[in-house]
1. Residues of region 189-224 with amide nitrogen under 18 Å from the 7 Å Cα-to-Cβ point of residue 312?
2. Would you list 11, 245 from fewest to most Cβ contacts within 10 Å?
3. Tell me the GluC sites (Glu not before Pro) within region 222-321 that lie in a loop according to DSSP and have at most 12 other beta-carbon atoms within 10 Å.
4. Report the percentage of all Cα-Cα pairs in region 196-324 whose separation exceeds 18 Å, rounded to a whole percent.
5. If all Cα-Cα distances of region 31-86 are sorted into 10 Å bins from 0 onward, what percent lands in each bin, rounded to whole numbers?
6. So if each residue of separation counts as 0.36 nm, and I subtract the Cα-Cα distance between residue 8 and residue 227, what length gain in nm does that give?
7. May I ask you to sort 271, 290, 178 by Cβ crowding, counting other Cβ atoms within 10 Å and putting the fewest first?
8. Going from the alpha-carbon gyration tensor of region 276-318, what semi-axes, largest first and in whole Å, does one get by taking the root of 5 times each eigenvalue?
Amino acid sequence: MRYTLNRRRFKDLSEQEVLALAIASEEDDARIYRSFAHHLRAEYPDSAAIFDGMAAEEDEHRRRLLDLHKSRFGDHLPLIRREHVAGFYSRKPVWLTENLSLDQIRAEAAAMERAAEAFYQKAAAQSQDADTRALLGDLAAAEAGHVESATELEARHLDDDSRADEDRNAHRQFILTWVQPGLAGLMDGSVSTLAPIFATAFATQDTWTTFLVGLAASVGAGISMGFTEAASDDGELSGRGSPTKRGFASGIMTTVGGLGHALPYLITDFWTATIIAIIVVFVELWAIAWIQNKYMETPFFRAALQVVLGGALVFGAGVLIGSG
């Protein structure tokens with residue numbers, strides 16, 4: 001709260017400070033666009049070219065603003081940035097944008113330009129000084145021009161075929177980085193924990209003990225699967241993406257798969273908990289088959305046969321061992 005209270009109000013800035021703020025903002029935006037381009041260049045060269053062009057546009061606007069500042073106020077620029085002004089639109093740190101998907105980067109760039117244009121338009125409308133109002137209006141027009149330039153650059157560098165190729169690559173990367181390891185984790189968590197959970201349930205008929213065994217098995221399997229996925233492939237040669245992302249996807253989904261049929265044993269009545277757990281297992285296995293069909297293009301009935309049959313065998317083994 002103290003940081004917010006110590007910020008300058010926009011209406012209290014001098015015209016020189018407003019111009020210096022605009023120059024700093026253009027510099028920051030150019031840096032962000034170049035970061036986008038660097039991040040996308042290997043997999044999406046056409047989109048990278050767009051952001052290179054947008055960075056060049058920001059450089060040109062910054063040069064024109066600097067020329068205007070020199071002609072009016074000289075070479076000394078006041079040190080003022082976005083974070084110094086209350087209510088000024090903010091930008092995400094570059095390191096936070098490095099994990100954005102292609103569509104998220106495109107949306108972030110569009111939001112950046114719209115926010116800048118809207119801010120300057122509002123500031124110009126509220127200004128009582130004619131020169132200040134004219135300056136802010138020029139800045140708003142410049143930001144609107146950025147949006148138009150982005151559209152022109154996109155039309156120049158990203159035709160329908162290029163966009164379709166990049167969208168397919170983005171979808172493929174999503175499958176490799178998130179869906180595939182997450183699905184493997186869900187399958188492992190749902191199937192591998194069936195035997196210990198139901199063996200404990202039928203051996204003890206104690207719901208709390210069964211829940212604790214299920215919780216331990218699920219969390220342990222999740223940790224093991226997560227570390228195994230992250231350590232098995234750094235993604236450099238396979239193109240499967242960040243090992244950290246894959247590890248989290250696999251580990252979390254493994255834990256979720258096991259907890260699905262462990263949580264019903266928080267119910268104190270043994271048969272009620274067991275029936276609900278069996279229903280949950282049935283839903284889990286069919287959900288896995290559906291995910292395989294949708295994202296991995298596995299024929300649904302083949303996926304269902306593999307998953308349901310395998311799950312039924314593990315479930316039967318657990319019940320048999322526990323009952324014996």
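1. 191-192, 194-195
2. Values: 11 13, 245 18.
Ranking 11, 245 by Cβ neighbours within 10 Å, fewest first, gives 11, 245.
3. Here the GluC sites (Glu not before Pro) that fit, given the DSSP loop and packing criteria, are 236, 297.
4. Details: 5004 of 8256 pairs.
When all Cα pairs of region 196-324 are counted, 61 percent exceed 18 Å.
5. Reading upward from the zero bin: 23, 31, 29, 16, 1.
6. Numbers: separation 219, 0.36 × 219 = 78.84 nm, distance 4.77 nm.
Result: 74.1 nm gained on full extension.
7. Values: 271 10, 290 14, 178 18.
The order, fewest Cβ neighbours first, is 271, 290, 178.
8. Ellipsoid half-lengths, sorted descending, are 20, 11, 6 Å.
Every number in this text was worked out from the coordinates using simple rules, so none of it is lab data. Being a predicted model, the structure only gives us computed values, none of them experimental. Cβ atoms come from the backbone with ideal geometry, glycine included; neighbour counts cover every protein chain shown.
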